[in-house]
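The structure appears right after this line, and notes come after that.
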Amino acid sequence: MTLQEIIDDSERIVFFGGAGVSTESGIPDFRSPDGLYSQKYKFPPEQIVSHSFYMGNTEEFYEFYRDRMIFPDAKPNAAHLKLAELEQAGKLAAVITQNIDGLHQAAGSRNVIELHGSVHRNYCTKCKRFYPLAAVTDTNGVPVCECGGRIKPDVVLYEESLKTEDIENAVSQIAAADCLIIGGTSLAVYPAAGLVRYFNGKYLVVINKSEIRTDKSADLVINDNIGKVFSEINVN
């Protein structure tokens with residue numbers, strides 16, 4: 001079957017996506033040859049975006065975070081827009097994303113589960129007041145709340161746990177789906193990657209530039225740019 005035929009035959013689609021969904025919007029991924037982990041910094045990027053590094057080297061964390069993790073001018077691409085269209089048509093039940101860029105919401109998607117948080121939410125670790133992205137982008141050094149507390153991005157760093165509510169919501173959505181589309185992710189980051197095992201529906205689709213382990217159990221595998229693939233879908 002083609003992707004179009006699968007989508008036409010499905011009533012409750014769930015999309016599970018990763019960094020590859022946003023690369024066509026100009027946001028680098030992590031593990032490709034040009035990704036963040038292949039670039040040279042004073043410390044390895046994986047170490048910089050860890051909780052322990054954030055606590056012990058906060059200024060250096062924010063220097064990297066502002067430079068390489070925030071892309072305020074990025075715009076939704078064809079994949080984001082088509083997913084929002086599928087939701088509006090009643091075909092797509094939820095988007096589960098490992099990305100922190102907020103582009104799914106910018107495209108118009110409403111039911112978005114952000115497993116790793118969002119750069120658009122920031123909070124004071126002392127008084128818990130929330131701040132928009134500008135609290136980080138429009139400041140230098142470590143952003144500070146009016147109460148004197150440190151402002152931290154509401155993103156899940158290495159060594160931090162995913163929110164229980166998000167995990168439970170994702171599991172519920174995947175378990176209830178009749179079609180699960182996995183796109184733009186290597187499924188290398190746990191526990192997020194382990195959530196796909198809860199799918200017991202009719203169609204499993206993988207759209208990714210390179211092969212991933214889930215290919216073997218998928219009903220359809222497409223190794224191509226995800227924006228290109230989704231731009232060719234007609235929403236009935």
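The values are calculated or read from the model by the stated rules, or taken from the named source; none is laboratory data. Everything numeric in this text was worked out from a predicted model, so none of it was measured. Glycine gets a Cβ as well: all are built from the backbone with ideal geometry, and neighbour counts include every protein chain shown. Heads up: the accessible areas ignore ligands, DNA and RNA and are worked out on the full protein's heavy atoms, side chains in. Shrake-Rupley method; radii C 1.70, N 1.55, O 1.52, S 1.80 Å.
Okay, here's what the table says:
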read-out: Distance histogram in 5 Å bins (all Cα pairs of region 45-152, percent per bin); value: 2, 12, 18, 21, 17, 12, 9, 6, 2, 0
read-out: For region 118-133, 3J(HN,Hα) per residue [Karplus equation, 6.51 cos²θ - 1.76 cosθ + 1.60, θ = phi - 60°, Hz, x = Gly/Pro]; value: 8, 5, 7, 10, 9, 9, 7, 6, 9, 9, 6, 5, 8, 10, x, 4
read-out: Percent carbon-and-sulfur accessible area, the chain, ignoring ligands, DNA and RNA, probe 1.4 Å; value: 48
read-out: For the chain: Kirkwood Rh in Å [reciprocal of mean 1/r, alpha carbons]; value: 18.5
read-out: Phi to ³J(HN,Hα) by Karplus 6.51 cos²θ - 1.76 cosθ + 1.60 over region 196-210, Hz, x for Gly, Pro; value: 5, 5, 7, 7, 10, x, 7, 10, 10, 10, 10, 10, 7, 5, 10
read-out: Proximal charge balance of GLU5 [Cβ under 15 Å; K/R count +1, D/E count -1]; value: -4
read-out: Residue-count net charge about ASN223 - beta-carbon cut-off 12 Å; Lys, Arg +1, Asp, Glu -1; value: -1
read-out: Residues whose placed amide H lies under 5 Å from that of LEU92, excluding near-sequence neighbours; value: ILE13, GLU87
read-out: Fully extended contour minus Cα-Cα distance, from ASN140 to GLU159, at 0.36 nm per residue; value: 4.3 nm
read-out: Per-residue SASA entry for PHE199, accessible area with 1.4 Å probe, Å² rounded to 10; value: 30
read-out: Interchain or long-range residues, amide H under 5 Å from TYR203's placed H; value: CYS179, LEU180
read-out: Phi-based couplings in Hz for region 59-75 (Karplus 6.51, -1.76, 1.60; Gly and Pro marked x); value: 5, 5, 4, 5, 4, 5, 4, 5, 7, 10, 10, 10, 9, x, 8, 5, 10
read-out: Residues of the chain: accessible area per residue with a 1.4 Å probe, Å²; value: 48
read-out: Under-5 Å amide H pairs with GLY117, H placed in peptide plane, nonlocal only; value: VAL156
read-out: The chain, helix-only ellipticity at 222 nm - DSSP H runs n ≥ 4, -39,500 (n - 2.57), divided by all residues, nearest 500; value: -7000 deg cm²/dmol
read-out: Magnitude of the charge dipole, the chain, Cβ model with Lys/Arg +1 and Asp/Glu -1, debye to 20; value: 460
read-out: Radius 10 Å from Cβ of VAL156, net charge of other residues (Lys, Arg +1; Asp, Glu -1); value: -4
